[in-house]
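FYI, it's all coordinate maths here, none of it is from the lab. Quick caveat, the model's predicted, so the values are computed rather than measured. Because the Cβ atoms are built from the backbone with ideal geometry, glycine has one as well, and the counts that use them run over all protein chains shown.
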Amino acid sequence: MRFRALPNHPSHQRLKEARNQYAEEIVKAKRQHWEDFLEEAGPDELWVANRYLKQPAGDGGRPRIPTLRTTGPNGERELNTNDEKAKIFAKTFFPPAPADVNIPYNYEYPEPLPNPNPITKRQVENQLKRLSPYKAAGPDETPNIVLQQSFELIADHLIRIYQAVFKLHVCPSKWKEFTTVVLRKPDKPSYEKAKAYRPIALLRTMAKLLTVVVTEDLSRLVEQHQLLPSTHFGGRP
């Protein structure tokens, strides 16, 4: 920094060499990661690799959304700024809840199920092993591999926190935050409409782990007590 104003100082050449070496190392790391991925790929990963290879070359994954078009009372309008695009995506992805739910006033609900047992270490460990170690992280920027590698050290504290959530009926406000990533739906004729995209929510790692534990528990109870009609297939194990 202190030699920035001296164009002939040798530090500028060293900086250039270091920058070039860094770029080369990034390329090597990407190539090695791809080779490792293919060597360790199971049946599911091979289909993922096949999809990668069949897709046309893109823009390097740059987070860019083209100009969107929307139709309103005043006709068609172009959306160019990030703020305009964010608003139309939010409106498309998160429509308002129904204003009126038609439940009879005297509706008799079935007898509620007993409360599930407290979350155990085995439940958490089983679900943690299933998580992809390097999947994109949420607002906490903590990948799953961190909890997977440190689980034995933090397990007792983690279980107490998870059990306290249900015992005290309190969920940390930070756990309700997530990062919404906008992805293109494949093979759409045009990507100028917000409906040609879909969102995925990246949760904080501790919240995501608790979510999958509870989801597995609910799925088991639903099947055990036959709470879904036999014609319902979506979202079932």
- Note on the structure: Going through (1) free of Cβ contacts under 8 Å to residues at least 40 places away in the same chain; (2) within 28 Å of Gln123 (Cα to Cα); (3) aliphatic (A, V, I, L, M) one by one, Ala196 fails only at (2)
- Query: Of the residues Thr180, Thr211, Thr215, which single one is under 25 Å from Lys85 (Cα atoms) and within 24 Å of the chain's Cα centre (by Cα)?
  - Reply: Thr180
- Task: Go through the residues of the stretch 118-139 one by one and say whether even a single one is closer than 17 Å to Ala194 by Cα, of a type outside the set (D, E, K, R) and under 27 Å from the mean Cα position of the chain (by Cα).
- Result: no
- Scan the stretch 119-151 residue by residue and report those that are in contact with a helix residue (DSSP H, G or I) (Cβ under 9 Å, 6 or more places away or on another chain), touching a residue at least 60 places away in the same chain (Cβ under 8 Å) and part of a loop (DSSP other than H, G, I, E, B). Ile119, Leu131, Ala137, Gly138, Pro139, Asp140, Thr142, Pro143
